[in-house]
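The values are calculated or read from the model by the stated rules, or taken from the named source; none is laboratory data. Predicted, not measured: the structure shown is a model, and the values here were computed from it. Reconstructed Cβ throughout: ideal geometry from the backbone, glycine too, with neighbour counts over all protein chains shown. The area values use the complete protein model at the heavy-atom level, side chains included, leaving out ligands, DNA and RNA. Shrake-Rupley method; radii C 1.70, N 1.55, O 1.52, S 1.80 Å.
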Amino acid sequence: MKESIVIDGRRVELDNEKNLLEVVRKAGIDLPTFCYYSCMSVYGACRMCTVEDSRGRTMAACSTPPKAGMEIHTNTDRLRKYRRMILELLLSNHNRDCTTCEKSGACRLQELALRFGVRKVRFPQEVRPLPQDTSSPAILRDPQKCILCGDCVRMCSEVQGVGALAFAYRGSDMEVTTAFHKGLGEVGCVGCGQCASVCPTGAITVRDDTAPVWNALQDTNVRVVAQIAPAVRVAIGEEFDMKPGDVNLGKLVAAMRMLGFDEVYDTGLGADLTVEEEGSELLDRLQNGGKFPMFTSCCPGWVTYAQNRHPELAGNISSCRSPMGMFGAVLRDYFTDKDAKDGKKTFSVAVMPCTSKKIEAGWDEMIAETGNDIDVVLTTQEIARMIRESGIDFLSLEPEATNMPFGLTSGAGVIFGVTGGVTEAVLRNLSVDDDYDALQRVAFTGVRGMDGVKEASATIDGREVHVAVVHGLSNAERLIRQMQAGERQYDFVEVMACPGGCIGGGGQPGPQSAETRVARAKGLYHADSETQIRRSQENPVLSTVYGNILGEDHHRLHRNHH
């Protein structure tokens, strides 16, 4: 017979849960928290998850291991008063301009204050006059809305290994800040947005860039074109109460056309271009020599991290632009002649799951003589806000196809949105066999799944090639150190900054759990399985892009510093 504990009069069996909070939630009780995430260390700061035992002793459920025979109460008068008191104290030191806050309606503090009936705050409001930080193109900070839960600090240091945020001072002077109080744009921040994804309030948010898009949509002299990243299609539905992993590219295309976008494309075509270019680069290094391992360059968070922490790897990182960068260049070149003929200006929008893409769009390599390849990057959250603001009933929309001549993408391009997808797509392209069984063998080489580091091998050009797939920058850092110490050796390494890859990007709907990311990944793999074109090289649109737009000069698909 399994060991058990009693929770609110009901017996619950134990199954290796590491704390009481997990057991309570398994029992179907939503115990409130601000500072608990299973992927990070236990902090126990907010005390909202405090429970009471049969002797009247209180304890934080998140930091208390379950023991057989315990009798736990989660909803006594004492605990309800305790939680309301915590909420009042937090609100007394909080900027309560809720109606104009970016997180209004999605704020955990607001949600729990409503849930626990906090209608007034008995303590005087004492908000410290700390300035907002608007230095980053991707992330905004408002310290007046910080509740010191520490979620951002632990995410940045433990999961991402960046450490751009930390606690400073003590007692009532404590605050979350950067080194020497510099702006996020001036320190080692890579713009991944994971801090914003775990922040329960409006203290850290994604920069809102919808205003220039609205202006462009209203200008009759402007042609507004957009590309949608693969990971967006399996998360946008969550903003409208649909399940994670539901594929809603067609509905999103329809909604964007109703908003006024003239042309809507799939960044999966950019991913197909990336597969072609990156695969050719890897093959060239294998045949003619080059720096190994070759690291992928799709993720701007990873590229920024490498530039900051590991400049010695500059020659190892692929020269290829990201799919967004490649497709942005293709669209800019394609519409330049049409703009001159039509007397219009093309405004290029990229709808991305990633906040760091906002930084990438401003890189020197993304600015051509004809203008920025990408004018504005919108996250999944931002395009959802635009749809809601317009009153569009997303659920009732009939799916629509993306525009030609760039309307086709391969399944390999679609799976770019999940960790391991880039590697699988490249291996598919370089595989000699092109039958279904060969694709299945690539799928099961070990590149799929949510393990932080995965290893696989494949035969390319008669040589066994060793590959690694890593997501989360702290995992990447450990892998780099192991390689530099000679403990591991690879030919090809895929790195994605965010947990799960692009599906877990900082611009995706939150809060993001491991289960949510798994569901999104399944959605992308399902979309891949339903495409008629499974390998990038089989996409007929690529011949049009290479033949009619790019010609023999592919420099627009590569990064300048190489």
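Only lysines eight or more places from Lys243 in sequence, or on another chain, were considered; those with a Cα closer than 19 Å are Lys251, Lys522.
Taken along the Cα-to-beta-carbon direction at a fixed 7 Å, the label points for Ala514 and Gln532 span 4.1 nm. Could you tell me which of Gly362, Phe347, Phe394 has its Cα farthest along the dipole of the range 337-400 towards the positive end, charges placed at Cβ (Lys, Arg +1; Asp, Glu -1), taken about the Cα centre? So the residue we want is Phe394. A simple rule links phi to the HN-Hα coupling: the Karplus curve 6.51 cos²θ - 1.76 cosθ + 1.60 with θ = phi - 60°, which for the range 130-147 gives 8, x, 6, 10, 10, 6, 8, x, 10, 10, 10, 10, 10, x, 5, 9, 7, 10 Hz, with x for Gly and Pro. Working from label points 7 Å from Cα in the Cα-to-Cβ sense, the Arg385 to Thr336 distance is 3.4 nm. For the listed peptides 226-232, 23-29, a ranking on the average number of other beta carbons within 10 Å per residue, highest first, reads 226-232, 23-29.
Recomputing Kirkwood radius over Cα pairs in Å from the coordinates shown identifies the correct label among [x] 23.9; [y] 24.9; [z] 26.5 as [y]. Computed extension length for Arg78-Arg11: 21.9 nm, one decimal, from 0.36 nm per residue of separation with the Cα-Cα distance subtracted. The accessible area of His94, taken with all protein chains in place and a 1.4 Å probe, comes to roughly 10 Å². Note on Thr370 and Ser280: with the Förster distance fixed at 35 Å, the Cβ-Cβ geometry gives a FRET efficiency of about 0.85.
Using only DSSP helix segments of four residues or longer, with each worth -39500 (n - 2.57), what per-residue ellipticity at 222 nm results for the chain after dividing by its residue count and rounding to 500?
-9500 deg cm²/dmol
Shown for the range 461-562: the carbon plus sulfur share of the solvent-accessible area, taken with all protein chains present and a 1.4 angstrom probe, equals 46%.
The string of couplings for the range 549-557 from the Karplus curve (6.51, -1.76, 1.60, θ = phi - 60°) is 10, 8, x, 7, 8, 9, 4, 5, 8 Hz, one whole number per residue in order, with x for Gly and Pro. Please find the FRET efficiency linking Thr220 to Ile549, where r is the Cβ-Cβ separation and R0 is fixed at 41 Å, and quote it to the nearest 0.05. With a Förster radius of 41 Å, E is 0.95.
Each of Glu477, Glu552, Glu464, Glu515 has its accessible area taken with a 1.4 Å probe; listed largest first, they run Glu552, Glu515, Glu464, Glu477. About its Cα centre, the chain has a charge dipole of approximately 2680 debye under the convention of +1 per Lys or Arg Cβ and -1 per Asp or Glu Cβ, with nothing else charged.
Using θ = phi - 60° in the Karplus curve 6.51 cos²θ - 1.76 cosθ + 1.60, the 3J(HN,Hα) couplings for the range 497-510 round to 5, 8, x, x, x, 4, 4, x, x, x, x, 7, x, x Hz; x is entered for Gly and Pro. Residues Trp363, Trp302, sorted by accessible area with the largest first, give Trp363, Trp302 [1.4 Å probe; ligands and nucleic acids excluded].
Work out how much length Asp262 to Asp173 would gain on full extension: take 0.36 nm times their residue separation and subtract the Cα-Cα distance, in nm to one decimal.
26.9 nm
Around Met70, under 13 Å between beta carbons, what's the net of Lys plus Arg minus Asp minus Glu among the other residues? Computed value for this residue: -2. Between Ser135 and Lys2, the simple spin-label model (points 7 angstrom out along Cα→Cβ) gives 5.1 nm.
Suppose R0 equals 51 Å; then what is the FRET efficiency for Glu126 and Gln484 from their Cβ-Cβ distance, rounded to the nearest 0.05? Walk me through the numbers on the way to the answer.
Values: r = 49 Å, r/R0 = 0.97.
Step by step, r from the Cβ atoms, then E = 0.55.
Between amide H atoms placed 1.01 Å from N, distances below 5 Å from Glu71 occur with Val6, Ser54, all of them 5 or more places distant or on a separate chain.
Taking every protein chain into account, the 1.4 Å probe leaves Glu389 with about 140 Å² of accessible area, to the nearest ten. Residues whose amide H lies under 5 Å from that of Thr50, counting only those 5 or more places away or on a different chain, are Ala61; hydrogens are built 1.01 Å from N in the peptide plane. What the chain shows is 42 Å² of accessible area per residue, with the surface traced by a 1.4 Å probe over protein heavy atoms. Calculated translational diffusion coefficient of the range 1-148 (37 °C, 0.692 mPa s; Stokes-Einstein with Kirkwood radius over alpha-carbon pairs) equals 192 µm²/s. Dipole magnitude for the range 235-302: computed about the Cα centre from +1 point charges on Lys and Arg Cβ and -1 point charges on Asp and Glu Cβ, it is near 160 debye. Database remark: amide H of Val224 closer than 5 angstrom to the amide H of Asp262, Glu263, Phe347 (H placed geometrically; neighbours at sequence offset of 5 or more, or on other chains; Pro and chain starts carry no H). Here the peptides 291-297, 148-154 are ranked by packing, the mean other Cβ count within 10 Å, and the order with the highest first is 148-154, 291-297.
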